[in-house]
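No lab work stands behind these numbers, since they all come straight from the coordinates. These numbers come from a predicted model, not from an experiment. A quick note on method: Cβ atoms are made from the backbone with ideal geometry, for glycine too, and the neighbour counts reach across all protein chains shown.
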Amino acid sequence: MKNTLANLSRRRVLLALAASPFAASTPALASAAYPNRPIRLVVPFPAGGGVDIFARPLALGLSDALGVPVVIENVGGAASRIGTQRVVNAEPDGYTLMVTNDTLVASDSVSGVAGLARMLPQLQPVTMGISSCNLFVSHPRSGITDPASYLEQLRARDGGLTIGVPGWGTAHHLCSAALNHRLGVTAEHVSYRGGAPLLADVLNGTLNAGVVTMAAAVAHIQAGNLLGLAVTSETRAPALPDVPTLHESIAPGYTHKTWQGVFAPAGLPDDLLQRVHAAVVQALQHPKVQEMLPAQGFDAEGLPSTAFSASLEASLKNFETVVQATGIKAA
């Protein structure tokens with residue numbers, strides 16, 4: 001199964017590489033000076049979370065593709081706004097890039113939150129790197145062992161169940177709030193700087209449950225330290241085949257697809273955009289990336305910049321609908 005998934009991802013990436021504008025204009029761009037020094041890859045979340053897990057092997061692939069070191073810089077806090085602002089303020093010269101997730105467009109929908117989506121005009125979408133799903137988790141001793149017991153506890157505690165989310169107004173928060181709205185229940189969402197500190201509190205029993213990108217919790221679940229309650233994908237994730245979907249269990253029809261993408265500061269010249277896009281698509285074929293993708297429940301994408309921009313708009317509209325339905329306000 002893993003080889004099949006890896007082959008599917010590789011074919012998808014090869015198609016993206018063939019479609020890259022850089023593939024048709026290599027001679028002109030290959031002679032350009034870029035890059036001639038290390039590149040900074042900002043991850044606007046703490047180390048150990050789902051975005052960080054993807055960014056680290058991606059950085060290795062980018063370094064091979066571009067021929068210079070690519071250095072990860074974790075800048076967590078404020079639901080990723082601090083790190084994103086650092087990228088917005090950087091020069092559009094190709095030496096500062098960012099990997100982030102759909103939180104970029106989620107928090108702008110929450111009334112009273114200084115939304116990230118307002119920064120979108122100051123960012124250049126490069127490509128959607130991967131897509132995945134979110135995962136609801138609990139501690140093995142929590143008494144919450146599956147979707148049915150999760151719903152039972154939500155109803156029994158009547159707003160008192162604590163659910164950790166990696167930032168107020170993040171995609172994970174809105175994903176959980178949308179589920180609660182559909183189920184007719186409430187809960188206490190507890191905001192963290194990222195997935196790693198959230199999981200630490202699920203592991204030590206401070207939280208009843210949490211919502212994270214699947215990659216952040218896979219190793220803990222496989223080691224028996226956490227329970228995977230449900231995934232938000234339409235079908236079960238091959239990396240965790242025993243974990244049911246919400247759709248098949250307590251919330252028929254409920255699904256949520258998350259993504260992680262690469263951005264640069266706005267104003268990046270078109271030839272550099274093409275160069276970076278081609279390098280990311282090439283990096284997705286790196287052996288370490290190909291090895292990591294199926295194990296973490298990631299699907300390689302490599303969308304062109306224009307298609308990625310359209311996807312951002314669709315994500316924003318979806319989250320606005322969630323906020324209108326749930327009435328979420330700033331924390």
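Could you grab the relative contact order for the chain? Cα pairs under 8 Å, six or more apart, rounded to a whole percent.
Computed over the chain, the figure is 30 percent.
Antiparallel as a % of all DSSP beta bridges within the chain, to the nearest 5?
Values: 24 of 40 bridges.
Given both bridge residues lie in the chain, the antiparallel proportion sits at roughly 60 percent.
Please arrange Val262, Val51, Val75 by how many other C-beta atoms lie within 10 Å of their C-beta, fewest to most. Please report the intermediate quantities before stating the final value.
Values: Val262 26, Val51 31, Val75 19.
Taking fewest neighbouring Cβ atoms as first place, the list is Val75, Val262, Val51.
For a footprinting-style exposure proxy, rank Val322, Val42 by other Cβ within 10 Å, fewest first.
Ascending Cβ contact count within 10 Å gives the list Val322, Val42.
Given the range 118-224, report the % of alpha carbon pairs whose separation exceeds 15 Å. Before the final figure, lay out each step's value.
On the way: 3674 of 5671 pairs.
Cα-Cα pairs in the range 118-224 separated by more than 15 Å: 65 percent.
From the helices alone, meaning DSSP H stretches of at least four residues, give me the mean residue ellipticity at 222 nm for the chain, per-run term -39500 (n - 2.57), in deg cm²/dmol to the nearest 500. Each step should come with its number before you reach the end.
Details: 12 runs with 140 residues, N = 331.
For the chain, the value works out to -13000 deg cm²/dmol.
Output the antiparallel fraction of DSSP beta bridges having both residues in the range 133-231, as a percent to the nearest 5.
Taking every DSSP beta bridge within the range 133-231, about 60 percent pair in antiparallel fashion.
Given the options Pro121, Pro44, Pro69, state which has the largest fluctuation in a GNM of the chain using a 10 Å cut-off (strictly under) for Cα springs.
Sorting by GNM fluctuation, first place goes to Pro121.
Report, in debye and to the nearest 20, how large the dipole of the range 133-231 comes out about its Cα centre when Lys and Arg carry +1 and Asp and Glu carry -1 on their Cβ.
Values: 5 positive and 5 negative charges, 13 e Å.
It works out to roughly 60 debye.
Tally Lys/Arg at +1 and Asp/Glu at -1 over every other residue whose Cβ is under 15 Å from the Cβ of Ser63; what's the total?
Result for the local shell: +3.
Size of the dipole of the chain about the Cα centre, Lys and Arg at +1 and Asp and Glu at -1 on the beta carbon, nothing else charged, in debye to 20?
That gives the chain a dipole magnitude of about 160 debye.
Tell me the Rg and the Dmax, in Å, that the Cα atoms of the range 148-279 produce.
In order Rg, Dmax, the Cα atoms of the range 148-279 give 17.2, 58 Å.
Based on the mean of other beta carbon atoms within 10 Å per residue, what is the order of 219-227, 186-194, 130-138, 145-153, most packed first?
130-138, 186-194, 145-153, 219-227
Let me check against my output: what whole-number percent is the relative contact order of the range 150-275, with C-alpha pairs under 8 Å and at least 6 apart?
Numbers: 157 pairs, mean separation 25.9, N = 126.
It comes to 21 percent, rounded to a whole number.
Give me the count of lysine pairs in the chain whose alpha carbons sit under 21 angstrom apart, restricted to pairs 8 or more positions apart or on different chains.
Lysine pair count for the chain: 4.
For q values of 0.16 Å⁻¹, compute log₁₀ I(q)/I(0) with the Debye formula on a Cα-only model of the range 29-178, without solvent.
-0.93
Where Lys and Arg each count +1 and Asp and Glu each count -1, what net charge lies around Val43 among other residues with Cβ under 14 Å from its Cβ?
With Lys, Arg at +1 and Asp, Glu at -1, the net is +3.
Please report Rg over Rh for the chain, where both radii come from the alpha carbon positions and Rh follows the Kirkwood definition.
Working: Rg = 19.4 Å, Rh = 19.9 Å.
We get a ratio of 0.97 for the chain.
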